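Step one of this worksheet: look at the structure below.
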Amino acid sequence: MSDIAVDVQNVSMKFDLEKEKTDNFKEFVLKKLRGKIKYEEFYALQDISLTIRKGESWGILGKNGSGKSTLLKTISGIYKPTFGNIIIQGNVAPLIELGAGFDMNLTAAENIYLNGAVLGYAKSFITQKYDEILNFAELKEFENVPLKNYSSGMVARLGFSIATLVKPDILIVDEVLAVGDMAFQMKCEKKINSLLSGGTTLIFVSHSIEQVKRLCEHAVWVDFGRIRKMGDISEVGMAYEQYMLNCYEGSKS
């Protein structure tokens, strides 16, 4: 187990979906108190098992709604699995949702200290690294602007810069780089490759199969909450691309 970074053991994640439509919160509460709210069980993940060793780079492939983000959130500890266990060895830097850990009403400067505190960094350390964070994110001239006035790409740049300030044991990235411009995406890829060469474990989600191929050696294809294929990125990527092509051709007929 000493060489394992993430061990996902027979994980299933169930959500209860409300079957009845309610027009407002008051109506929902009244119906719930009277026991008139009915739910439909939905499994976003079903019996997922995955072992990722330290220093490995894994891409997670799948269509929208396939369970990719749910899997990342269970690995990150945001969701507790309904069934199964996840064992993590090392610190995790998750970049899962745009703006997560930020207060959009605060400035970039204020959010750097806020997000740094959430990640467990001392204020003195953040002060020491403050300019480095802003310079990497290319946001120095916007440091006193509230994040609510930022573009999605600017928010992503700030989040990535803070998350990768110190080499994490495990870096989890879910689509957030897709909102940045091409130049910054390449800058982030270079940073990720540098972290990988230093021993960081990567779990990466992107709709760009080419980006996944550039960054990852392994891949798991998730479909309707189940693992459809797992292994070398070239084999899994080829199977996934063929599947998506077949879906596209089928939608035209």
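The values are calculated or read from the model by the stated rules, or taken from the named source; none is laboratory data. The structure displayed is predicted, hence computed values, not measured ones. When we count neighbours, we look across all protein chains shown, and the Cβ atoms used for this are built from the backbone with ideal geometry, even at glycine. All accessible areas refer to the heavy atoms of the entire protein, side chains included, with ligands and DNA or RNA removed. Shrake-Rupley method; radii C 1.70, N 1.55, O 1.52, S 1.80 Å.
Across region 189-204, in residue order, what do the Karplus-derived ³J(HN,Hα) couplings come to in whole Hz, using 6.51 cos²θ - 1.76 cosθ + 1.60 with θ = phi - 60° and x for Gly and Pro?
Working through the residues one at a time gives 4, 5, 5, 4, 4, 5, 5, 4, 5, x, x, 5, 8, 10, 10, 10 Hz.
Taking +1 at the Cβ of each Lys and Arg and -1 at the Cβ of each Asp and Glu, which of Asn10, Ala100, Ala156 sits farthest along the dipole of the chain towards its positive end, judged by Cα position relative to the Cα centre?
Positive-end residue among those listed: Asn10.
Give me a comma-separated list of calculated 3J(HN,Hα) values for region 139-151, in order, Karplus coefficients 6.51, -1.76, 1.60 applied at θ = phi - 60°, integers in Hz, x for any Gly or Pro.
10, 4, 6, 10, 5, 9, 9, x, 5, 5, 9, 7, 6
In debye to the nearest 20, how big a dipole does region 146-237 give about its Cα centre with +1 on each Lys and Arg Cβ and -1 on each Asp and Glu Cβ? Can you show the working numbers first?
On the way: 11 positive and 10 negative charges, 48 e Å.
With only Lys, Arg, Asp and Glu charged at Cβ, the dipole is about 240 debye.
For region 46-97, which whole percent of the accessible surface, found with a 1.4 angstrom probe, sits on carbon and sulfur atoms? Please list the in-between numbers first.
On the way: 1020 of 2330 Å².
Solvent-exposed carbon and sulfur of region 46-97 make up 44 percent of the total.
Carbon and sulfur atoms: what percent of the 1.4 Å accessible area of region 142-229 do they account for?
Details: 1890 of 3550 Å².
Carbon with sulfur: 53 percent of the solvent-accessible area.
For Ala5, which sequence-distant residues (separation of 5 or more, or a different chain) have an amide H within less than 5 Å of its own amide H, given hydrogens modelled in the peptide plane?
Ile52, Arg53, Lys54
Just to verify a number: what accessible area does Lys63 come out at with the full protein assembly present, 1.4 Å probe, Å² rounded to tens?
Probe radius 1.4 Å; accessible area of Lys63 about 60 Å².
Give me, ordered by chain and number, the residues 5 or more places off Gly84 or on other chains with an amide H under 5 Å from its own placed amide H.
So Gly84 has HN proximity to Ser12.
Could you give log10 I(q)/I(0) at q = 0.08, 0.10, 0.14 Å⁻¹ for the chain, computed by the Debye formula over C-alpha point scatterers of equal weight, without solvent?
Taken in order of the listed q values, log10 I(q)/I(0) reads -0.37, -0.57, -1.02.
Tell me which residues come under 5 Å, amide H to amide H, from Arg228 once H is placed; ignore anything under 5 positions away on its chain.
Here Trp221, Val222, Asp223 satisfy the definition.
Hey, what's the chain come to in accessible area per residue, 1.4 Å probe, Å²?
52 Å²
Determine Rg/Rh for region 115-253; Rg is computed over alpha-carbon atoms and Rh is the Kirkwood hydrodynamic estimate from the same atoms.
Numbers: Rg = 17.8 Å, Rh = 17.0 Å.
For region 115-253, the value is 1.05.
Tell me the label-point distance for the pair Glu97, Ala122, using the 7 Å Cα-to-Cβ offset, in nm and rounded to one decimal.
Going from the Glu97 label point to the Ala122 one covers 3.2 nm.
Based on Cβ point charges of +1 for Lys and Arg and -1 for Asp and Glu, what charge dipole magnitude is obtained for region 175-228 about its Cα centre, in debye rounded to the nearest 20?
Details: 7 positive and 6 negative charges, 22 e Å.
In total the dipole reaches around 100 debye.
Sort Thr201, Thr70, Thr82 by heavy-atom solvent-accessible area, probe 1.4 angstrom, most to least. Before the final figure, lay out each step's value.
Numbers: Thr201 0, Thr70 25, Thr82 55 Å².
Highest to lowest solvent-accessible surface, that is Thr82, Thr70, Thr201.
Looking only at Gln211, Gln128, Gln185, which one moves most when the chain is put into a Gaussian network model with springs between Cα atoms under 10 Å?
Looking only at Gln211, Gln128, Gln185, the biggest GNM fluctuation is shown by Gln128.
Roughly speaking, what is the centre-to-centre gap between region 210-253 and region 74-135 when only Cα atoms are used, to the nearest Å?
The distance from the Cα centre of region 210-253 to that of region 74-135 comes to 30 Å.
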